[in-house]
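The values are calculated or read from the model by the stated rules, or taken from the named source; none is laboratory data. Worth saying up front: this structure is predicted, and the values here are computed from it rather than measured. Using ideal geometry, Cβ is built from the backbone for each residue, glycine included, and neighbour counts are taken over all protein chains shown.
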């Protein structure tokens, strides 16, 4: 694919891609390091173009020699805080970058893209929003939780909403620097602006990486990489600074936490913040993913009123290799423990984490009620949701997770007429027929926004 793109690209033009996952290839590449390929084959087909390919999880990158040259990455380049440059036995970078280690590559890409005119930038951004909206509506989504956009992107959303050109309802987390948050949060809090199309009321941080790239922050070492417990990708004091800003300005705080240590540190941080602001109630702060929990931390979600914002489809997508990372005991006790969370009184808001997974709720609903892997086995099936629980996690409880349960999430008189019409009744049809369910109509505010 890169070779084809390189033949069509101008010399020096960046070639970008996303979606590779080393655990999902039919056979491991050779040579490789920790299952990650080395850059030589990629560099041979793209000698004149920098290439940057993002891991499916978004927590690792793969670059060719040209991209590393432009970023100034050599064998002498040190690993940054919260990241790792993978190297061969000679100490040479192989082109694989874990977590924050790709920041130099991103800066080189940003320098190249800064040469675009303002008109080119705006046209491209509007096209991105249009394509994303079309994809969401075709999959039956009426309100989308955007897990992190900078203030400049929020400006575009606001402009489109005011013009009546935002084709989907967005609930947005701010993802920007602490300095930008301090300067802007007070004037960026928006509730149902632009015909109820745009809400901005949350802040996003990532405390760790992903299990697939071995960047999730663990209490004990990886079963398949005993020398590592993963990475803390954002310093805890930075997240605490955002926590104070969130409390001061009426924002929710949403922290990406996948490993059991990441979840514990996040819950500890939340608990400290709640104690400091005892008069503030019903905050609905969230942990994004909550994929792997220590058994001692499972009851803390309900006790603290923290929402577990999880993605059912991650369980079945990641299931084949999770025990490799964690071992059987840790996987059984704490990986994607939906029933344990629900029975403890916690609320789960379901999603798909697009573009890590397809944005389709049907696929995630099926994963939530079956936990069935591609080989037909089920991933610790005692933690499956009932169909009613899964439906609620995608509708009313997802609305509650954004303080929107009074306006959406159920077909009730007085709420927004946002309706998804499916080709089949997913509450009653046989399990193996759920994936074949299609979206017939997506109705937004009583108007058909998508028709099959």
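Does residue 398 count as within 30 Å of residue 225 (Cβ to Cβ), within 17 Å of the chain's Cα centre (by Cα), part of a helix (DSSP H, G or I) and in contact (Cβ under 8 Å) with a residue 60 or more places away in the chain? When the stated conditions are applied, residue 398 does not pass them. For residue 179, the conditions (1) in contact (Cβ under 8 Å) with a residue 12 or more places away in the chain; (2) in a helix (DSSP H, G or I); (3) farther than 17 Å from residue 407 by Cα are fulfilled apart from (1). Among the residues of segment 235-255, the ones that are touching a residue at least 60 places away in the same chain (Cβ under 8 Å), crowded, with 20+ Cβ neighbours inside 10 Å and either within 18 Å of the chain's Cα centre (by Cα) or not in a helix (DSSP H, G or I) (or both) come to 2 in all. Only one entry of 417, 410, 354, 378 meets the criterion of being modelled with pLDDT under 95 and more than 25 Å from residue 300 (Cβ to Cβ), and that entry is 354. Before we move on, is residue 228 part of a loop (DSSP other than H, G, I, E, B), at pLDDT 95 or above, touching a strand residue (DSSP E or B) at 6+ places or on another chain (Cβ under 6 Å) and under 25 Å from residue 61 (Cβ atoms)? Taking the combined requirement at face value, the residue satisfies it. Of 303, 278, 272, 261, all but one fail to be over 18 Å from the mean Cα position of the chain (by Cα), buried (at least 21 other Cβ atoms within 10 Å of the Cβ) and either more than 22 Å from residue 399 (Cβ to Cβ) or without any contact (Cβ under 8 Å) to a residue 60 or more places away in the chain (or both); the exception is 261. If you go through segment 39-73 and keep only what is modelled with pLDDT under 95 and in contact with a strand residue (DSSP E or B) (Cβ under 9 Å, 6 or more places away or on another chain), you end up with 55, 56, 58, 59, 60. The conditions of being at pLDDT 95 or above, touching a helix residue (DSSP H, G or I) at 6+ places or on another chain (Cβ under 9 Å) and part of a loop (DSSP other than H, G, I, E, B) are not met by residue 392.
Answer yes or no as to whether residue 405 is assigned to a helix (DSSP H, G or I) and farther than 19 Å from residue 139 by Cα. No, not satisfied. Considering only residues in segment 332-382 that are in a loop (DSSP other than H, G, I, E, B) and touching a strand residue (DSSP E or B) at 6+ places or on another chain (Cβ under 6 Å), the one that is nearest to residue 26 (Cα to Cα) turns out to be 371.
Scanning segment 75-108 for residues that are touching a helix residue (DSSP H, G or I) at 6+ places or on another chain (Cβ under 8 Å) and closer than 19 Å to residue 49 by Cα turns up 93, 95, 97, 104, 105, 107, 108.
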